[in-house]
Amino acid sequence: MVWSAVLLAMVVSQTVICSLIAVAAIIDQDYQGPEQELGSAYTGPALAFSVIITIAVLLWVMNSALNQRRHQLALMVLQGALPWQLLAWNLLIVIGLFILSVAGTCLLLPVITPLTFAMVTNPLDLHLTYTGSHLFDSPGKGLAFSAAPIFISTLLTIRSLSKIRPMEALRQSQNPPKRIGVFRFLLGIVCLIGAGCMLLIPAFALATNPPASQMSSDAAADRMTVFLAFAMGGMFLLIFSLAAFAPYLFPGFTAIWTRIVALPSRTWRLAGQQAVGSIQRQGATIIPMTAGLSLLMTVGGGLSTMITTLLVAFPHTPGTVPATTDMFASLLALTGPPMIIAITGAIAGTLITSKGRGLDLALTYVSGAGIGQLRVLGALDGIITMITSTLFSLVITLLCTSSLTFMLSRFMGKAQMSVQWGAWIVVMLIASLLGAAATGIQALTTRFENSVSVISHAIGE
């Protein structure tokens, strides 16, 4: 199940990226107007977001999958395996999965590309005809974007696992280590500093630039697009920083909000206590979902903030808001492909962590919990995971939207931040339902009478 989850993430991310590259070539082939490279202009934002989220998803999914094999790797070390042998063996597995994913991508590309073409062109009123002549010109570039994070993650993870003592690895076989290495710590610090620079420096740099009132409408619109780009860049750096410090942030954050939401239920208290211990395994689910939700809500909040700011700054100027809406319509429409990758990454993370959830439920069962309580605990596991992801996304989105509002206020003299609270409530409800369904199905299909066998197998008896 672990390797099938990795294969799923690889196939979907590669197919989405390759289809976007193919769509750009198809648009350029069919479009006969004055604009040059129209396809790259319309698919560029979606492709850039998809590549960045693919890197985050595949790095984290591959890292989590290899960490699930700590028990096996430790036994191989005890039998005399050398670090280079562990690396070579796992690289062979990853190469085999990559070849399978390439085959899956080539099979899915003729089916997915027309849907991606419609997703890109329909919201933008591009009356173009789909042709599949350039369909297979894209896999080379698309596969390169996914191959790099896969093999880099494998090398880094196996390198770190090969340095641990075998006995320590056996004791940590069910849970990843709670400490992070020096390289990962420094990388997280660099990403955090970079996010601060992208979110703050552009606003202060505006002191040497002319305000919006002294610029043409086209120049002002271009400057606002740059502001949104800086906010999005800061968002992605915050996500990578979150991924780096996940072992420190996830358990404490989960403990805080589950205690604040103190439902009068013994099952909820038990679920909250278990979540603090098991949430480290959920990083493979939380990171992709956080990246996708942050992308969706930051783009939506940023566009809403820009439109609201224009209404406040130029209340009597006709045509301002429609022009701005048309100007950013493509960016809003093209968040679909990266969201597909993020949701697939969350599904893959749920599959990867299923073994740990099964052991938690088995331990709870032999401790005296009833079958009905275990079913509820299984559903609550997914709900807590998704709410944690949504809350992290909310914090990241608020930081990035606040930064964008600050830039607009410095540029236009006044600005008004727009927070889509209604949309956030809907997103949290949908994410909670999806999480409850994902982990609840496992709890429903588990035969708890075999819990002793599950525990014995986990401890090697």
**Fill in**
Expected single match for farther than 23 Å from ILE352 by Cβ, at pLDDT below 80 and either part of a helix (DSSP H, G or I) or not charged (D, E, K, R) (or both) among LEU310, LEU303, LEU296 is LEU310
**Prompt:** Taking region 359-380, which residues are open to solvent by 20 Å² or more (accessible area, probe 1.4 Å) and touching a residue at least 40 places away in the same chain (Cβ under 8 Å)?
**Reply:** LEU359, ASP360, LEU363, TYR365, VAL366, ILE371, GLN373, ARG375, VAL376, ALA379, LEU380
**Request:** Kindly indicate the residue of region 13-47 that is modelled with pLDDT of 70 or more and among the polar types (S, T, N, Q) and also farthest from TRP60 (Cα to Cα) among those meeting that condition.
**Result:** GLN29
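Test of understanding: among SER294, SER265, SER304, SER278, which residue is among the hydroxyl-bearing types (Ser, Thr, Tyr), over 30 Å from MET407 (Cβ atoms) and out of contact with any Lys or Arg (no Cβ under 9 Å at 6 or more places or on another chain)? I'd like the intermediate steps shown before the answer.
On the way: SER294 fails: over 30 Å from MET407 (Cβ atoms); SER304 fails: over 30 Å from MET407 (Cβ atoms); SER278 fails: out of contact with any Lys or Arg (no Cβ under 9 Å at 6 or more places or on another chain).
Among SER294, SER265, SER304, SER278, only SER265 is among the hydroxyl-bearing types (Ser, Thr, Tyr), over 30 Å from MET407 (Cβ atoms) and out of contact with any Lys or Arg (no Cβ under 9 Å at 6 or more places or on another chain).
Considering every residue within region 212-228, establish whether at least one is part of a helix (DSSP H, G or I), touching a Lys or Arg at 6+ places or on another chain (Cβ under 9 Å), closer than 11 Å to PHE411 by Cβ and at pLDDT below 75. Step through it out loud before you land on a result.
Step one: list which residues in region 212-228 are part of a helix (DSSP H, G or I), which gives 212-214, 217-228.
Narrowing further to those that are touching a Lys or Arg at 6+ places or on another chain (Cβ under 9 Å): 212.
Restricting the remaining residues to those that are closer than 11 Å to PHE411 by Cβ gives 212.
Keeping just the survivors that are at pLDDT below 75 gives 212.
Yes, that holds for at least one residue.
Do we have LEU86 as modelled with pLDDT under 80, assigned to a helix (DSSP H, G or I) and not charged (D, E, K, R) here? First the steps, then the outcome.
Working: modelled with pLDDT under 80: yes; assigned to a helix (DSSP H, G or I): yes; not charged (D, E, K, R): yes.
Taking the combined requirement at face value, the residue satisfies it.
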**Among (1) open to solvent by less than 60 Å² (accessible area, probe 1.4 Å); (2) modelled with pLDDT of 85 or more - the single one PHE328 does not satisfy** = (2)
**Asked** How many residues does region 413-431 contain that are farther than 15 Å from LEU303 by Cβ and either open to solvent by 70 Å² or more (accessible area, probe 1.4 Å) or assigned to a loop (DSSP other than H, G, I, E, B) (or both)?
**Response** 7
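If you check SER393 against the conditions, is it modelled with pLDDT of 85 or more and among the polar types (S, T, N, Q)? Break it down stepwise before answering.
On the way: modelled with pLDDT of 85 or more: yes; among the polar types (S, T, N, Q): yes.
Yes: the conditions hold for SER393.
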**Prompt:** Which residues, counting only those in region 412-459, are modelled with pLDDT of 85 or more and over 17 Å from LEU293 (Cα atoms)?
**Reply:** MET417, ALA436, ALA437
**Request:** Could you list, in sequence order, all residues of region 253-292 that are open to solvent by 50 Å² or more (accessible area, probe 1.4 Å) and part of a loop (DSSP other than H, G, I, E, B)?
**Result:** VAL261, ALA262, LEU263, PRO264
**Prompt:** Quick check: anything in region 157-167 at pLDDT below 70, surrounded by fewer than 13 Cβ atoms within 10 Å (Cβ to Cβ) and not hydrophobic (A, V, I, L, M, F, W, C)?
**Reply:** yes
**Prompt:** What number of residues in region 243-267 are closer than 19 Å to GLN282 by Cα and hydroxyl-bearing (Ser, Thr, Tyr)?
**Reply:** 3
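The values are calculated or read from the model by the stated rules, or taken from the named source; none is laboratory data. What you see is a predicted model, and the numbers here were worked out from it, not measured in a lab. Note: ideal-geometry Cβ built from the backbone for every residue, glycine included; neighbour counts use all protein chains shown. All accessible areas refer to the heavy atoms of the entire protein, side chains included, with ligands and DNA or RNA removed. Shrake-Rupley method; radii C 1.70, N 1.55, O 1.52, S 1.80 Å.
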